[in-house]
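This report refers to the structure that appears directly beneath it.
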Amino acid sequence: MKPLVKTLHSPRGGAILAGLLALLVLLPGWFWLVNWYQANLIQQARAKVTVEAAARANALTSAVNQRIALLQGLYAFTRTEWPDTQFDQPFEIYSSGVYFNSTGVRTLMIAPEGIARYIFPVADSPQLSGYDILNDPDPATRDAVQRAIHTRAIALSPPGELRQGGFGVTAWEAVYRGKNLWGLVSIAVDLNTIVSDAQLNDPAGGLSIALRDQTGQNFYGPGAVWQQSPVIQKIEMPDGSWELGSIPQNGWDATVHLPMNVFRLGGLAIVGLMAGMITLAVNQQARLAQAVAMRTRQIAEAQQKLEQRVQARTRELSSLQNVSQQISTTLALEPLLAQILAEIKNALDYSAAAIFRLDETGQVTLANQAGIPLPAPLLDEALARQVLETLQPVIAERLNAGGKTREAMAWMGVPLVVKDHALGLMIFAHQDARAYGEEETNLALAFAQQVAVALENARLYEQAGQLAVLEERQRLARELHDSVSQVLYSIGLGAKAARAALAHDPARLNEALDYVDHLAEAGQVEMRALIFELRPESLRNDGLVAALEKQAAVLRTRHQIAVQAQLCPEPAVSMVVKEALYRVSQEAIHNIIKHANATQVTLAMECSKNEICLEVSDNGCGFDPLAGYPGHLGLQSMRERATRCKGHLTIESAPDRGTRIRLVIPTQTENPGIP
C-alpha cells in the first residue's frame, strides 16, 4: 500500500490521476455523441427507405387497382349481354380478350343466382362449376360477397389460396335487375404476378418488404418485418386498405453498423488522445497547452464537417421526400415539373437544368426548365443520345458559346427510366467545370427516379382520361338504347296497330293514335333530357326552372316515379349559381334512381331577396350520411359546389326513412371560378 500511495503523490502519479479524471469526464460525452450519431444515421436510413417504399407502394396500388378495375367491364358486359340464348360464346370471347391482354388475371366468373356457371379459363371449370358462392364455407369470402350485395360496390376477399388453386385475391360485384339481385360477377387475380410487376421482390432496392390486409394478417413477405419498426405505406383498395411494411434487408442496425464502428473507434481515439494530452499537461503544461489548442481546433473542424455532411444529407433526403409527396398529390405535369426542379436546386446545385421527354416518334422535346440562360444550349444531341441509348448518366465538359472560348462548364445528363424503358432525360449544367462528380451523379439519379414516376403517372392519367371518355360514350349509348330507342320501337308498333285499326276496326283508330302521340311526347322528353346533359349551356337559353322541370319529366316518364315540382319563377342569379343548383339537383336525382328505390319525389325551389333554396326529398330507403362511401364522389361533389358558391348544404337521411337534401345559396354570391 505504501508504494501505491507514494506513486500517487509523485508527479507521475498525478499525471495518471489527471488522465483517469479526464476519462471519467469525457466518456459520458462520448457515449451521448455515439447515441446521437446512431439515431441520426437511422433517421437518414428511414428517410431513404420511405422514398423507396413510397415508389413500391404506388406501383403496387396501380397494379392491383388496374386488375380489379377489369371487374367493372365484366359487370357492364353481364348487364348488356344477359339474358341471351347464345351467352356462352360472347362470354368466352370477352373473357379471353381480358385474360390474354392483362397479366395476373386468374379467373373470370359469372354466377347467376349465386351459382358459378360461366368460367374462364375453361381449365378452372372443374373446380368452380356449380360453386355456391352464397354458401361458401370460408367466412371471409361470405363476408366479402355480402358486402358486395349490400353496398352494390366492389368488395374483396382477403388474400389467400384460391379455390381454383394459386395464391391471390378475388373481387366481387353484385348484379341487380331493378330491385332484385340477379347474381354475381367476380375476377380472381394472381398476387404473385402483381407483386412481381410492382417489383416488390426486386432485391436491387435493398429492402425487406411485407404486406398485410386490413385485418392485420400478413400475406406476403417475412412477418418479422412488422416487429422491427418498419416504414409503413397505405395501399388503398376498393373497400379497404392494405399496408406495406419496409425495412433494410439486414435490419436497421446493419445499415449503420460500419459507420458506427468507425465513429466509435474514432471517438475512443479522440477520448484517449485528449486523456493523454491532459496526462502530459501535468509535467509539460506550456508545450501541451499549444498541442491541446491545435487538437481542439482539429476536433472542432472535424465536428463541423461532420455536422455539415449530416445537414447536407438531411437536406438531400428531405428534398427527395418533398418531391415524392408532390408527385403523390398532383397530376398537373407542368407545374409539378417546375416544383421538382426548384426542389432539386436545394440539394443539387446547378446554373441551369431542364427535363426532356421522348415523344412517340423518339424525338426529344423540352418538358420544363429552370435556372439562368447560358452561352451554350443545354441540349447536346450526341450526349443526350448516349444517355438514352445506354440508360446511364453522362458527365462532360462543354465549351461556352459553342466552343468559341476556352471557358468550360460542367454538363451532366441522367436518364428517366421506368421498367428499363426510357421516358426522357434530365440535364444539369454548372458554370464551374468541376461541379459534378460521382456523389452528384448518384443524387441526380435518385431525383430522376422520382421524375420518371411523375412522367409515368401523367401518361397513365392521360390513358385514364381516354378511358373515361369511352365509358361516357358507352353510357350515352345505353341511355339511348334504354330510353329513346325503346320509345321509337314502341311508336313503330303503335303505328302498325293504327294501320290495322284503320283497315279492320276504325272505331279503335283514335285509341291507337293517342298511344302513338303519348309515346312521341315521352320520346321528346327523353331526348331533351339527354341533349341537356350533353349541352348544359342551354341553361342560358331555357333557364333553370325549365331544366329542373325536364328532370322531373324524366323521372315521371322513364322511371314511373311520382314527382311533385314546386318551383319559383326564374331566379335573377348568375349562370354560375344556376349551374351549381342544377348539378346538385341532377346528382341528387341520379342517386334516387340508382340507390333509393323511391316511389315519390319532391323537387322544390324557393327564391327570396337574400337567398335561393333548392330542396330534393324522397321516400326511399335512405342511408347514413356520416358513413364513408369509398369510390362514391357524388355527395362530396355536392358539398364542393355549395362551398364554392358560399352556400350551405344539409343532408338529412336515415335507413328506411328517405332522404332530404337542401342547398341554400346567397343571391349576392358571384364566383366565376366554379366549374
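Values quoted throughout were computed directly from the atomic coordinates according to the rules given, and no laboratory measurement underlies them. Please read all numbers here as calculations on a predicted model, not as lab measurements. Cβ: placed from backbone, ideal geometry, glycine included. Neighbour counts: every protein chain shown.
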Exercise. So if R0 is 56 Å, what FRET efficiency would Asp420 and Lys496 give, r being the distance between their Cβ atoms, rounded to the nearest 0.05?
Worked result: 0.30
Problem set entry | For the range 534-652, alpha-carbon Rg relative to the globular expectation (2.2 N^0.38 Å, N residues) | 1.04
For this session: Can you put Ser574, Ser96 in order of Cβ neighbours within 10 angstrom, beginning with the fewest?
Result: Ser96, Ser574
Seminar exercise, completed: For Cys568, Cys645, ascending order of other Cβ atoms within 10 Å (fewest first) is Cys568, Cys645
Exercise. What nm value, rounded to one decimal, do you get for the distance between Lys594 and Leu17 when each label is placed 7 Å out toward the C-beta?
Worked result: 8.8
Problem set entry | Length added when fully stretched, Phe100-Glu301, from 0.36 nm per residue minus Cα-Cα | 66.0 nm
Exercise. Label Ala604 and Ala69 with points 7 Å out from Cα along Cα→Cβ: what is the distance between them in nm?
Worked result: 4.3
For this session: Pairs of Cα atoms under 8 Å, at least six residues apart: use those to get the relative contact order of the range 554-675, whole percent.
Result: 28
Seminar exercise, completed: Taking r as the C-beta separation of Glu236 and Asp505 and R0 as 51 Å, the FRET efficiency to the nearest 0.05 is 0.20
Problem set entry | Full-extension gain in nm, Thr667 to Glu611, via 0.36 nm per residue minus C-alpha separation | 19.7 nm
For this session: Sort Trp172, Trp30 so the one with the fewest other Cβ atoms within 10 Å of its own Cβ comes first.
Result: Trp30, Trp172
Exercise. Rg(Cα) of the range 90-154 divided by 2.2 N^0.38 Å?
Worked result: 1.19
Exercise. Which whole-Hz ³J(HN,Hα) couplings does the range 620-625 yield from phi under the Karplus relation 6.51 cos²θ - 1.76 cosθ + 1.60, θ = phi - 60°, glycine and proline marked x?
Worked result: x, 6, x, 6, 9, x
Exercise. At Leu258 and Gln564, where each label point lies 7 Å from the Cα along Cα→Cβ, what is the point-to-point distance in nanometres?
Worked result: 8.0
For this session: Return the FRET efficiency for the residue pair Ala654, Gln146: r is the Cβ-Cβ distance, R0 is 35 Å, and the value is rounded to the nearest 0.05.
Result: 0.95
For this session: Report the full-extension gain for the segment Ala546 to Ala338: residue separation times 0.36 nm, less the Cα-Cα distance, to one decimal in nm.
Result: 70.3 nm
